[in-house]
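Notes follow the structure.
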Ligand code: HEC
């Protein structure tokens, strides 16, 4: 259905809109909100005082160092700190409470309570743990959807990504982007993207940096109830790449975009991004720097065995469109089927691979293989959480 006849801009956009409105009828529920009944935080508090207080403390910030006998891992939670707790999905907490720290590659000091507590009691505990963070404006980790290769998501992240695009036809070459994303406060994230190009040009390999992007993203709206999150980003592309070799645009470029993500029941998700590249000096390098707009969408499904606790597979399809404002230019359309998979047990290291194929306005554009590795460094060190 994705690749089926999408000749131009207007029908294509219509298609994306239809996709959203068509899916909208299916009432959205956050990933882990499958409570059989509402959690009873009062009951959770009772259970917490019996079983958890000795280690996690009466205020949720951790019991006094003097009264606990264990060395605290770096990831030991302070439940009053929203920046530490809101990125964690309820499902993760349920898993840790039922199966112990071991289940997610955390410290084995955190015991497994699965034999002692019913499923409802675990929900009540999670409900109580959520009361320690008193600011409800933080976007919740459930809305941090699996990263698509090209389409940027709305959720503010703490992530290091190494992403490579390899020409699959024409002259050999690749571009690797090293992307650092870091969240600040409740709604904000900064991003630095440093591309490095390696290309066979007239049978000689040349390499060099591309245009570095500096971006600030701001989450504008998010709701776990409806499964939606919206963010705006303002980015600046600095002309650090050599435009004569095709590694950069030759002009500083402003890149604003909006990203909207929607999570549905049963972990189906959609991600949209729409924006523009606006060079400050479009005439400086007429071959490269041109005003353009882009629109991107990803549809996917997260799948995992063992009641969503096992390795997470997220097959997705992206449709990527752009239009350069120059005489005789049409709309570029690409399709990118891909698969993301969690590599570490803690799911803080993930990899994805896909093949990007142009299907409209294909002159001079060939297919490419794309892959990335990402490390969510807020969830622990790179070498932690593997077993
Ligand atoms: C013997 C001490 C101990 C007891 C008792 C204990 N915990 Fe823990 N808990 C820990 C430690 C230590 C960690 C940190 C593990 C790590 O980060 O490696 C932890 C981690 C957690 C986490 C994971 C937080 C995150 O950020 O991912 C949750 C949730 C949790 N505990 C809930 C509970 C609940 C609920 C109870 C009571 C039913 C409980 N714990 C009882 C020691 C304990």
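Length available on full extension from residue 69 to residue 207: 0.36 nm per residue minus the Cα-Cα distance, which gives 44.2 nm.
Between residue 84 and residue 118, the simple spin-label model (points 7 angstrom out along Cα→Cβ) gives 3.2 nm. The spread of Cα positions in the chain, taken along each principal axis and listed from longest to shortest, comes to 71, 44, 33 Å.
Across every pair of non-identical alpha carbons in the stretch 235-387, the mean reciprocal distance, once inverted, gives a Kirkwood radius of 17.9 Å. Modelled this way, with points 7 Å down the Cα-to-C-beta line, the labels at residue 198 and residue 109 are 4.3 nm from one another. Cβ-Cβ distance of residue 244 and residue 216, R₀ of 35 Å, FRET efficiency by 1/(1 + (r/R0)^6): the value works out to about 0.70.
Measuring between their Cα centroids, the stretch 137-178 and the stretch 225-252 lie 13 Å from each other. Computed extension gain for residue 382 through residue 326, at 0.36 nm per residue and net of the alpha carbon distance, reaches 15.6 nm. Of all alpha-carbon pairs in the stretch 284-373, indicate the percentage at a distance above 18 angstrom. Counting every Cα pair in the stretch 284-373, those more than 18 Å apart make up 56 percent. Per-residue Cβ neighbour counts within 10 Å put 232, 336, 47 in the sequence 232, 47, 336, beginning with the fewest. Post the alpha-carbon centroid distance, the stretch 353-381 to the stretch 50-84, in whole angstrom. If you average the Cα positions of each part, the centres end up 40 Å apart. The stretch 193-234 gives an Rg/Rh value of 1.38, both radii derived from C-alpha positions and Rh following Kirkwood. Return one number: the angle in degrees, 0 to 90 and rounded to the nearest 10, between the long axis of the Cα atoms of helix 90-99 and the longest principal axis of the Cα atoms of the chain. Helix 90-99 sits roughly 50 degrees off the main axis of the chain. The order of 333, 377, going from fewest to most other C-beta atoms within 10 Å of their C-beta, is 377, 333. Cα axis of helix 9-24 to longest principal axis of the chain: angle in degrees, 0 to 90, nearest 10? Result, in degrees: 10. Counted by neighbouring Cβ atoms within 10 Å, the residues 217, 265 run from fewest to most as 265, 217. With everything on Cα atoms, drop me the angle between helix 119-129 and the longest principal axis of the chain, reported from 0 to 90° to the nearest 10. Relative to the chain, helix 119-129 is tipped by roughly 80 degrees. At q = 0.12, 0.16, 0.26 Å⁻¹ the log10 of I(q)/I(0) for the stretch 41-132 amounts to -0.32, -0.60, -1.80, computed by Debye summation with a single uniform scatterer per C-alpha, solvent ignored.
Every read-out reported here was derived from the displayed coordinates using simple, explicitly stated rules and does not represent laboratory data. What you are looking at is a predicted structure, and each value in this text was computed from that prediction instead of being measured. When we count neighbours, we look across all protein chains shown, and the Cβ atoms used for this are built from the backbone with ideal geometry, even at glycine.
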